[in-house]
Amino acid sequence: MLTEKSIEKTNRVISYLRLSITDRCNLRCVYCMPEEGIRFAPHSEILTYEEMLHLVGLSVQSGIRKVRLTGGEPLVRKGFINFLGRLCKTEGLNEITLTTNGVLLKEFAAEIKACGICRINISLDSLKPDRFFQITGRDYFDRVWEGIQEAERLEFNPIKINVVAMKGTNDDEILDFARLTLEKPYHVRFIEFMPVGANNGWTPDKFISTEDIREQIGTLGVLAPVKSKPLDGPAQRYLLEGAKGEVGFIGALSSHFCKKCNRLRMTAEGNLRGCLFSDQEIDIKTPLREGRGDDHLLKLMNYAIKSKPKDHGSGTYGPRKCVRKMSSIGG
Ligand code: SAM
Ligand code: SF4
């Protein structure tokens, strides 16, 4: 049952929490986390698992029904599996999912599945090991690929593969990624490159719109639309004829899905964010640690929901940048 609290001022129902559990990562993707000069939050500033479990439990009272764990890289945080097992026991959640870069997936996939997680998103921007290295700064393509195979062997369903499409970097692999769905049951989703975090390398000439990507993939065959389900995200889903998997497009900048946005974000440092592109944050960790009580924390959560920006105000060629790094917001 959705409560009045989960409905914000433009009548969007906010039911999806993206929870960043760490700002650390074992990759250095060029568009997300620079190799030099990153300032990680001190461990004491990161929410403990106990604190996260408490806040997620409260968020259910604010109308949250789906939680996605993200980061940084969620699998690098010590004790992750134990936390996941406990999170999966939270009453009132309909869905718990995970976004990972896949580097440690082979090692942890069976335990993740045993916790009751069946759906997984894996980020992979290139099918070529040398290019993977150029994008991520680490020579881990084989590890990620083996992680994906392991997820398939364990029958995770769906296995979504997130590809950030960047002109001049990996746009020559768009068709290869789409062809992958002919042979494999993966949902390959192309995400528009976003200007998130100061100096993340975004420039208009590196941007490719989902429309351009769809047009390219259209040369492989007819793209039949697939209907989305209620808790699905903003991806437009399609099927190539005879394919085992799907292709999807997330037009984070070009298609204005703000009207349908159902997300609230919580950073690893315990700040609530209504919008990826707005640096407006509400600190919920300090009152939690001061022992302010659940009524007060719930008021803050409901305030974060009510004050969610109407839209991100970004157009394709004049995006509003946000200063906080993607790795500390969680995507
Ligand atoms: N480390 C995990 C991973 O990479 O899957 C989870 C966190 S990562 C911040 C979440 C998602 O955000 C990834 O799919 C990543 O590719 C995407 N992302 C990061 N920076 C981005 C950007 N500037 N534009 C578009 N997507 C971005
Ligand atoms: Fe790490 Fe994910 Fe950011 Fe890449 S996109 S640096 S894997 S947090």
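Treat each spin label as a single point 7 Å out from the Cα along the C-beta direction, and report the residue 282 to residue 91 distance in nm.
Spacing of the two 7 Å Cα→Cβ label points: 2.4 nm.
Per residue of the chain, what 222 nm ellipticity follows from adding -39500 (n - 2.57) for every DSSP H run with n ≥ 4, rounded to the nearest 500? Display every interim value, and only then the final one.
Working: 10 runs with 93 residues, N = 331.
When only DSSP H runs of four or more count, the value is -8000 deg cm²/dmol.
Could you list which residues have their amide H under 5 Å from that of residue 25, counting only those 5 or more apart in sequence or on another chain, with H placed in the peptide plane?
For residue 25, whose amide H was placed from the backbone, the distant partners under 5 Å are 73.
Taking only the C-alpha atoms, wrap a convex hull around region 122-235 and report its volume per residue in Å³ as a whole number. Walk me through the intermediate numbers first.
Working: hull volume 14.6 nm³, N = 114.
Output value, Cα hull per residue: 128 Å³.
In region 183-283, which trypsin sites (Lys or Arg not before Pro) fall in coil by DSSP and have 11 or fewer other Cβ atoms within 10 Å?
On the way: sites: 189, 206, 214, 227, 237, 244, 259, 260, 263, 265, 273; in loops: 227, 244.
For trypsin sites (Lys or Arg not before Pro) across region 183-283 that sit outside H, G, I, E and B with at most 11 neighbouring Cβ atoms in 10 Å, the list reads 227.
Sort all Cα-Cα distances of region 18-150 into consecutive 5 angstrom bins from zero, then give the percent of pairs in each bin up to the one containing the longest distance.
2, 10, 19, 21, 19, 14, 10, 4, 1, 0
Could you please state how large a percent of the accessible area of the chain is carbon and sulfur, counting protein chains only and using a 1.4 Å probe?
Using a 1.4 Å probe with all protein chains present, the chain comes out at 52 percent carbon and sulfur.
I'd like the GluC sites (Glu not before Pro) in region 269-301 restricted to DSSP loop residues with at most 13 other Cβ atoms within 10 Å, sorted by number.
Here the sparse-neighbourhood loop sites are 290.
May I ask you to give the solvent-accessible area per residue for the chain, in square angstrom, as obtained with a 1.4 angstrom probe? The partial results should precede the final answer.
Details: 14640 Å² over 331 residues.
Computed with neighbouring chains in place, this is 44 Å² per residue.
Starting from the Cα-Cα distance between residue 36 and residue 51, subtract it from 0.36 nm times their residue separation and give me the gain in nm to one decimal. If you can, show how the numbers build up before the last one.
Numbers: separation 15, 0.36 × 15 = 5.40 nm, distance 3.04 nm.
Additional length available on full extension: 2.4 nm.
Find how much the distance from residue 43 to residue 182 grows on full extension, using 0.36 nm per residue of separation minus their present alpha carbon separation; answer in nm with one decimal.
45.6 nm
Between residue 81 and residue 114, what is 0.36 nm times their sequence separation minus the Cα-Cα distance? Round to one decimal in nm.
Full extension of this stretch gives 10.9 nm more.
What is the Cα radius of gyration of the chain over 2.2 N^0.38 Å, N being its residue count? Spell out each step's value before the answer.
Values: Rg = 19.0 Å, N = 331, 2.2 N^0.38 = 20.0 Å.
So the chain has a normalised radius of gyration of 0.95.
Considering only protein heavy atoms, what is the solvent-accessible area of residue 282 at a probe of 1.4 Å, reported in Å² to the nearest 10?
20
Can you pull out the trypsin sites (Lys or Arg not before Pro) in region 82-180 that DSSP calls coil and that have at most 16 other Cβ atoms within 10 Å?
89, 119, 167
What percent antiparallel are the DSSP beta bridges of the chain, to the nearest 5?
30
If you average 1/r over every pair of different alpha-carbon atoms in region 236-304 and take one over that average, what Kirkwood value in Å do you get? Can you show the working numbers first?
Numbers: mean 1/r = 0.0671 Å⁻¹.
After inverting the pairwise mean of 1/r, the radius is 14.9 Å.
The values are calculated or read from the model by the stated rules, or taken from the named source; none is laboratory data. No experiment lies behind these values; they were computed from the predicted model shown. Neighbour counts are summed over all protein chains in view; Cβ atoms, including those assigned to glycine, are modelled from backbone coordinates with ideal geometry. Note: accessible area is taken over every heavy atom of the protein model, side chains too, but ligands, DNA and RNA are not part of it. Shrake-Rupley method; radii C 1.70, N 1.55, O 1.52, S 1.80 Å.
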